[in-house]
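Please read the structure below before turning to the comments.
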Amino acid sequence: MYENTVEDHRRKWDRAEFERIAAERLAEDLEEDDKDRKTPAVRRELLKQRDYKVDLDSKLGKSIVITKNTPSSQSGGYYCNVCDCVVKDSINFLDHINGKKHQRNLGMSMRIERSSLDQVKKRFEVNKKKMEEKKKDYDLEQRVKELREEEEKLKEYRKEKKREKKRKMEEELKLDDDDDNIASIMGFSGFGGSKK
């Protein structure tokens, strides 16, 4: 590997041997690269919409006792069985399941399918039908009639409140008059001064 002579105590490297070793290593790397290129690339599925609802509310407000022997799937936080990890809060869990690593583990790429013109038109038609179903077709006369009835009910309610308030005031005046009559009969005229 190296030559060391008596008169020179510095190492002298065998340049030819190390060039041979480097050439062998380079040839091995090139062979491995060729093997990797021959294997077909993994074809991942295009990104698609989830067909299930993400459950974020089931553990909300519940207490869990966690011991050393508790499996990670039952420990605190949200467990992802695809990636075998625990995420501590709902926002980070949503970020995780929408993220690149999780989608790769599911076998999907982060690319989406391009929609054709026909697909977009069909989607618009479906959304338009949904909006029409949600709208209630009110007849103008019927709507006006309903509004008048509501106004009449409100007026009647206000009148009833005024009548009730008036009755209470009259009752209080009667009680005051009765108290004054009883006091005069018993001989009480008041507590000193008279401001009548």
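Quick notes on this structure:
- Ranking ALA16, ASN181, LEU94 by Cα position along the charge dipole of the chain, where only Lys, Arg, Asp and Glu carry charges on their C-beta atoms, puts ASN181 farthest toward the positive end.
- Difference of contour (0.36 nm per residue) and Cα-Cα distance, VAL82 to GLN49: 10.2 nm
- Relative to its Kirkwood radius, the Cα radius of gyration of the chain gives an Rg/Rh of 1.49.
- Given 13 as the ceiling on other Cβ atoms within 10 Å, longest exposed-site-free region of the chain for chymotrypsin sites (Phe, Trp or Tyr not before Pro) in DSSP loops: 53-137
- 32 Å Cα-Cα threshold exceeded, pairs from LYS53/LYS129; LYS48/LYS134; LYS53/LYS121; LYS100/LYS128; LYS88/LYS134: LYS100/LYS128; LYS88/LYS134
- Directionally averaged projected area (convex hull, Cα atoms, the stretch 85-151), nm²: 10.0
- Dividing the C-alpha radius of gyration of the stretch 50-166 by 2.2 N^0.38 Å, with N its residue count, gives 2.04.
- Debye equation applied to the C-alpha atoms of the stretch 13-102, log10 I(q)/I(0) at 0.19, 0.24 Å⁻¹: -0.98, -1.24
Bear in mind these aren't lab numbers, they're just calculated from the coordinates by the rules spelled out. Fair warning: this is a prediction, and the values are worked out from it, not measured in the lab. Because the Cβ atoms are built from the backbone with ideal geometry, glycine has one as well, and the counts that use them run over all protein chains shown.
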